[in-house]
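Down below is the structure, laid out as structure tokens.
The values are calculated or read from the model by the stated rules, or taken from the named source; none is laboratory data. Bear in mind that the values here come from a model prediction, so they are computed numbers and not experimental data. Here the Cβ is made from the backbone with ideal geometry for all residues, glycine too, and neighbour counts use every protein chain on show.
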């Protein structure tokens, strides 16, 4: 629905696919982009670089330091509401597109540290506000520890010998728990 208004379409592409803040997006200029490196302060997906190049090409004689999105916050809110109504979906705030970007990165398996770096969180603790979205790895960790133990335990004459990755043999109960064999 927004494709009939390129300015709106490309603005919302930046919000969702880069997780930029409203002020950051409104202040973008052509010189902020490095299309050879696919960056605009952060690495952008290739398709989005192509879209931004296409959009800049549509702008009549724009200089490198002119704002690409010369609209107001209220214009974008109106466009967002128009799009939500046309798509018959719940109305959200523009900033929620940033949350959607972060949620997508979590779903894709990226770490909190990498996400915080990408979206410019001053502290990783801001990213941890999304902790409920990170998959709970506790069961997976316990399962992998069980598998590791099963692979490293061998039965020899009713004595359990545990082989650690350090290539040393350990015997429980000999010289104290977890002491090297013969100590």
Which numbered condition residue 97 fails, given (1) in contact (Cβ under 8 Å) with a residue 40 or more places away in the chain; (2) not in a helix (DSSP H, G or I): (2)
Enumeration of residues in region 25-42 that are out of contact with any strand residue (DSSP E or B) (no Cβ under 9 Å at 6 or more places or on another chain) and modelled with pLDDT of 90 or more: 25, 26, 27, 29, 30, 31, 35, 36, 38, 39
Residue match in region 23-31 (condition: surrounded by 14 or more Cβ atoms within 10 Å (Cβ to Cβ) and within 21 Å of residue 116 (Cβ to Cβ)): yes
Region 1-39, subset without any contact (Cβ under 8 Å) to a residue 24 or more places away in the chain and not in a loop (DSSP other than H, G, I, E, B), residue farthest from residue 82 (Cα to Cα): 34
Qualifying residue in region 65-79 (condition: crowded, with 16+ Cβ neighbours inside 10 Å, assigned to a helix (DSSP H, G or I) and more than 25 Å from the chain's Cα centre (by Cα)): yes
Residue satisfying condition, being in a helix (DSSP H, G or I), modelled with pLDDT under 85 and touching a helix residue (DSSP H, G or I) at 6+ places or on another chain (Cβ under 6 Å), within set 139, 127: 127
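Across region 80-94, what is the number of residues that are surrounded by 14 or more Cβ atoms within 10 Å (Cβ to Cβ), closer than 15 Å to residue 5 by Cα and either touching a residue at least 60 places away in the same chain (Cβ under 8 Å) or outside the structural domain of residue 11 (by TED's automatic domain parsing) (or both)?
Let us first name the residues in region 80-94 that are surrounded by 14 or more Cβ atoms within 10 Å (Cβ to Cβ), namely 80, 82-84, 94.
Now restrict to residues that are closer than 15 Å to residue 5 by Cα: 80, 82-84.
Those still in the list that are either touching a residue at least 60 places away in the same chain (Cβ under 8 Å) or outside the structural domain of residue 11 (by TED's automatic domain parsing) (or both) too: 80, 82-83.
Count: 3.
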